Every structure is written in structure tokens, then in C-alpha cells.
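Peer 1: Take a look at the following structure, please.
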Amino acid sequence: MPPLDLIPESPGSVPVVARADVVVVGGGPAGFAAAVAARREGCSVVLIERYPYLGGLASGGMVLVLDDMNNGQEVTVTGLCMEMIERMARIGAAVYPPVEDRRQGWDVYRTWAPWGLFDFRTDSKPNAIVMAAAFDPDGWKRVSNEMIVEAGVDVRLHSWFSKAIVRDGRIAGVICETKAGRQAILGDVVIDTSGDLDVAAAAGAKFTDGAYMVTTVFRLGGVDTEAAERFRYEDPDAFAKVDKQAKRTIGGSWDRWWLKTPLPGIVWCNCPHMTGLDAMKVEDQTRADFEGRRRIYALVDFVRANMPGFERCYVVDVAPQLGVRQTRLLEGEYVVTKDDVNHRVHFHDTVARGRDYYTPYRAMLPKDVDGLLVAGRHYSATESAQKLSREIPPCMSMGQSAGVAAALAVSAGIAPRRVDPKAICARVRAQGGDPGDIPSDNARIMETAA
């Protein structure tokens, strides 16, 4: 809908409230990793986040399983992602299968499948149990706060990105809207980890518009998970009928519409799946929030009456952030394709990895804007490739590499696009990460750059 009218804005000035070597916009998993990685390399870092917490879709969107981080039994995403998992586990906020249970077998499947910790990319039954983690959203917020403070990152929450400051084709900082008014934060390198490519798009970088389903994720309490699992296995025919109707009621879900969480009696529901909505439009976002809640309470009424273990269930919370999977996608120096992901293409400038696919440094670099890096689900990829490579762990791997790349650019006084990918990989490995520079046996090697 076109605007009803246009209101002219008067030019003015914006106070500069902070300066840093590196400015990271977006405190989700990729942004958190970028900020900590850059700070551990010795840079001053400002991390900007619009919500009153860190974690993005991991915490605020309640995407409560970390997966797509293994190639068979090889753990491919390590570094800051594994550090986060291990620290959450120590405080009882994360659960993951021990090494001896990471295999195929009905015994381990029945133990770990209710947590969602299985290989969801294969059709073999039972699905193999792999390294993945179920976690509590507030546990993520707590641990990320601790790690950010320990690293010495300057965090500015409640700051909504508004404008990119671009001078002669180079980004010099950003302007945010806050309760105190508009504020400017300047930096030598800016990393866009907004999830929707807000900074790069505002700076003039080329992008494409993607779309995928959205979700109002929620949690239910008062669930007897043992009774629910007994019903699944002891009366499979009856379970199949009730489960099918539950999925119809919620209007779309994954195979398991509920999963266990580290909190007893509380389950995670990564649904309903709602399609045909544009998460860049206020009207569609609003429609999704209203429709999602309507479906959630219809499901609660149904399972209370029909699903053993759910007789006394209740809604604990609905994620404060809409579950958005895809919006703007960068058109960077290289665009990752579905074939690249499916055929495990390994690039000469690989700097991050996910399950068994690799991310080239060029896919994090805008073509037309200097001083800017992109990391997270809006990286340079086709729509179909992004749908296969957008999970949280690979986004954290990308973020850690972006933070290291920014630090190397600052220390050398060069533009990020001139940083040597091999130097990025060396520093990521020194931080305990796996940047994917060493291809796995099943990788397809792309020709080395001239």
C-alpha cells in the first residue's frame, strides 16, 4: 500500500555516543559470535541490539535446538558455538547426547529424539543421534551476557538500527533510534548481523528478496512427557490419528511438533508454520502474530482433550520475536547456490562451515560498500541455498570468522575485502573454531583462485 501522504524531514545533527574499531549491529547468535571474536583479537567493539536481551532468534525467537553442526559423527561447528553449549550445560540450561550415544539405534533414538537431537537431514529410520543441543532461552541470555562482559564488549541494548553512515562508498558507522533520541556509533569496520540485512541494504549493497514460512514459537508447561512418549510407542495407531489432527489444528509443523527442554514438564513447539507472509511488512508481521496465537490456543484445547500427557498443559510463553527464516539476502562477491551446499563445494576462500557445507569469504562481502561485512542468515546465497544453510550453529561459525576478519582489517589498516582468508582461518583455529579450511573427505574442491 502506498503512503497516504509524505512528511518532509528537516536535516539536523545526531550526537556521536560511541566509537570503536568494530561495530556489530544485531546481537543474535552471529552478532554475539562476531563481537566476542573481534574483542578477543584485541579490538574495541560496540554491539548494538534492539531488544533488551542478546540471542536473537535463539533466545527471543526461542529456536531451542542447535543443530546442523555435524558431518556424520564429525562435529563441524566448534569454537564459540560449542563454548556456549558447554557453558549452558554447566548451569543446567542445555542438554546434548554423550559421544557414546551418537549413533543409530532405537535405544538411543527413543532417548534423544524427544529432544530433537537427531540427524534430521536423512530419511533412514531410526535417525542417527548426533551432536546437537537443546537449551533454555533464558540460559542463552544469561551465558551470552557473561561471555560478553568477560570479553569486554561495549553493549548497547534498546538501540534500533535506523541509518547507515556512508562516505565515498565506505561505511563509517550507524545511527540508531533510542529512548534518548537518535544516536550515532562510529567504527572502522561494521558487521551486519541484523538477520534482515538492514545495515547493508541501507548502505546501498545489492540484495535479493527472499521469503519462507514464519512461526510464532511457543512453550507449553504441565506436560507429562513420559506419558506422551508411552502413547507414541505403545499405541502407535491411536497416536498417529491424534498427532495428525494436532498438526492440522496448529496448521503446519515439523514431524515432531513438540520437543523436550531442559526444564521439566515444559516442551518447545516450533510451530505453527505460516506461509505467504512477508516478514519485511508490518501488516504481515502483525497478521502472523494474531494468527499464530489463535492457532496455538486451538491446539491447546485439542491436546488437552485428546493427547495423553497433555491433559493439564498450559501456555508458558510465546516467543517475543516472530520466527523469521528468510527476508533480504546479500548479493555479494559470490552467491552460494543450492548445488554448492548439496555437493559440499569447498572454496579456496572458505572461512566458515556448517554441517557438511562451506561458506566462502566472498559470500560475506558486499560488492559496492567498503568497510562492511555480513554474517548470518542473510549472507550471500540463493533462496534455496539459504534454506539449507541458515541454522544457528553455521551462522555462529560465520559470525566468529567475520569478527576475526574485522580485527585483521583494523590491525592492518586495510579494507575487509583485502584480508587474506587463510589468515582468518588461522586466527579462528587459534580461538578454538573450525573455519572449514581443511575440506572433509566428501567435499568437492572448487578450483583454486588465480
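Peer 1: Would you check if Gly105 is farther than 16 Å from Ile392 by Cβ, in contact with a helix residue (DSSP H, G or I) (Cβ under 9 Å, 6 or more places away or on another chain) and surrounded by fewer than 17 Cβ atoms within 10 Å (Cβ to Cβ)?
Peer 2: When the stated conditions are applied, Gly105 does not pass them.
Peer 1: Follow-up. Ala134 passes all but one of (1) crowded, with 21+ Cβ neighbours inside 10 Å; (2) more than 30 Å from Arg304 (Cα to Cα); (3) of a type outside the set (Phe, Trp, Tyr); which number fails?
Peer 2: Of (1) crowded, with 21+ Cβ neighbours inside 10 Å; (2) more than 30 Å from Arg304 (Cα to Cα); (3) of a type outside the set (Phe, Trp, Tyr), only one is false for Ala134: (2).
Peer 1: Since Ile48 meets every condition but one in (1) out of contact with any helix residue (DSSP H, G or I) (no Cβ under 8 Å at 6 or more places or on another chain); (2) crowded, with 24+ Cβ neighbours inside 10 Å; (3) within 27 Å of Met213 (Cβ to Cβ), which condition does it not meet?
Peer 2: Checking Ile48 against (1) out of contact with any helix residue (DSSP H, G or I) (no Cβ under 8 Å at 6 or more places or on another chain); (2) crowded, with 24+ Cβ neighbours inside 10 Å; (3) within 27 Å of Met213 (Cβ to Cβ), the one that fails is (3).
Peer 1: Something else now. How many of the residues in region 421-446 are of a type in the set (Asp, Glu) and exposed (fewer than 14 other Cβ atoms within 10 Å of the Cβ)?
Peer 2: 1
Peer 1: Filter region 177-213 down to the residues that are under 19 Å from the mean Cα position of the chain (by Cα) and on the phi > 0 side of the Ramachandran plot, then identify the one that is surrounded by the fewest Cβ atoms within 10 Å (Cβ to Cβ).
Peer 2: The selected residue is Gly195.
Peer 1: On the basis of being touching a strand residue (DSSP E or B) at 6+ places or on another chain (Cβ under 9 Å) and under 30 Å from Glu383 (Cβ atoms), does Ala180 make the cut?
Peer 2: Details: touching a strand residue (DSSP E or B) at 6+ places or on another chain (Cβ under 9 Å): yes; under 30 Å from Glu383 (Cβ atoms): no.
No, not satisfied.
Peer 1: I'd like to check something: does region 236-249 contain any residue that is of a type in the set (Val, Ile, Thr), in contact (Cβ under 8 Å) with a residue 12 or more places away in the chain, in contact with a Leu (Cβ under 7 Å, 6 or more places away or on another chain) and more than 30 Å from Ile48 (Cα to Cα)?
Peer 2: Scanning region 236-249, I find at least one residue that is of a type in the set (Val, Ile, Thr), in contact (Cβ under 8 Å) with a residue 12 or more places away in the chain, in contact with a Leu (Cβ under 7 Å, 6 or more places away or on another chain) and more than 30 Å from Ile48 (Cα to Cα), so the answer is yes.
Peer 1: Give region 195-210 a look and list any residue that's under 22 Å from Asp284 (Cα atoms) and in contact with a Lys or Arg (Cβ under 9 Å, 6 or more places away or on another chain), or say none.
Peer 2: Within region 195-210, Gly195, Asp196, Leu197, Asp198, Ala201, Ala202, Phe207, Thr208, Asp209, Gly210 qualify.
Peer 1: Is at least one residue of region 62-82 within 13 Å of the chain's Cα centre (by Cα) and part of a helix (DSSP H, G or I)?
Peer 2: yes
Peer 1: For region 154-176: of the residues being part of a loop (DSSP other than H, G, I, E, B) and in contact with a Ser or Thr (Cβ under 9 Å, 6 or more places away or on another chain), which is surrounded by the fewest Cβ atoms within 10 Å (Cβ to Cβ)?
Peer 2: Across region 154-176, the extreme among qualifying residues is His158.
Peer 1: For region 308-362, which fully contained strands (runs of 3 or more DSSP E) count at least 1 residues that are basic (Lys, Arg)?
Peer 2: Filter on region 308-362 gives 328-330, 350-353.
Peer 1: To continue, here is another question. Within region 214-251, count every residue that is surrounded by 19 or more Cβ atoms within 10 Å (Cβ to Cβ) and in a loop (DSSP other than H, G, I, E, B).
Peer 2: Qualifying residue count for the region: 3.
Peer 1: I would also like to ask the following. Among the residues of region 297-316, is any under 19 Å from the mean Cα position of the chain (by Cα) and surrounded by fewer than 18 Cβ atoms within 10 Å (Cβ to Cβ)?
Peer 2: no
Peer 1: Regarding Val149, is this residue part of a helix (DSSP H, G or I), within 19 Å of Met62 (Cα to Cα) and of a type outside the set (Gly, Ala, Ser)? Full working, then the answer.
Peer 2: Details: part of a helix (DSSP H, G or I): yes; within 19 Å of Met62 (Cα to Cα): no; of a type outside the set (Gly, Ala, Ser): yes.
When the stated conditions are applied, Val149 does not pass them.
Peer 1: With in contact with an Asp or Glu (Cβ under 7 Å, 6 or more places away or on another chain) and under 19 Å from Pro393 (Cβ atoms) as the only criterion, which of Thr327, Thr350 stands out?
Peer 2: Only one candidate passes the filter, namely Thr350.
Peer 1: Any idea which of (1) closer than 23 Å to Trp112 by Cα; (2) modelled with pLDDT under 95 is the one Gly210 doesn't satisfy?
Peer 2: So the condition that Gly210 fails would be (1).
Peer 1: While we're here: Kindly establish whether Arg87 is among the charged types (D, E, K, R), under 21 Å from the mean Cα position of the chain (by Cα), modelled with pLDDT under 95 and not assigned by TED's automatic domain parsing to the domain that holds Leu259.
Peer 2: For Arg87, the condition - among the charged types (D, E, K, R), under 21 Å from the mean Cα position of the chain (by Cα), modelled with pLDDT under 95 and not assigned by TED's automatic domain parsing to the domain that holds Leu259 - is not met.
Peer 1: Residue check, Ala405 against (1) closer than 21 Å to Val153 by Cβ; (2) touching a Gly at 6+ places or on another chain (Cβ under 6 Å), all met but one. Which one?
Peer 2: The one condition Ala405 does not meet is (2).
Peer 1: Continuing with the same structure: Answer yes or no as to whether Val324 is closer than 26 Å to Arg232 by Cα, at pLDDT 95 or above and among the β-branched types (Val, Ile, Thr).
Peer 2: no
Peer 1: Report yes if Asp138 is closer than 29 Å to Gly413 by Cα and either under 22 Å from the mean Cα position of the chain (by Cα) or among the charged types (D, E, K, R) (or both), otherwise no. Talk me through it step by step, then tell me what you get.
Peer 2: Values: closer than 29 Å to Gly413 by Cα: no; either under 22 Å from the mean Cα position of the chain (by Cα) or among the charged types (D, E, K, R) (or both): yes.
Judged against the criteria, Asp138 is not a match.
Peer 1: Related question: Within region 36-57, can one find any residue that is among the polar types (S, T, N, Q), farther than 30 Å from Glu283 by Cβ and at pLDDT 95 or above?
Peer 2: yes
Peer 1: From the list Asp368, Asp339, Asp284, pick out the single residue that is modelled with pLDDT under 95, farther than 24 Å from Arg427 by Cβ, charged (D, E, K, R) and surrounded by fewer than 20 Cβ atoms within 10 Å (Cβ to Cβ). Before the answer, list the steps.
Peer 2: Numbers: Asp339 fails: modelled with pLDDT under 95; Asp284 fails: modelled with pLDDT under 95.
Within the list Asp368, Asp339, Asp284, the selection yields Asp368.
The values are calculated or read from the model by the stated rules, or taken from the named source; none is laboratory data. Please read these numbers as outputs of a predicted model, since none were measured by experiment. Neighbour counts run over all protein chains shown; Cβ positions are idealised from the backbone, glycine included.
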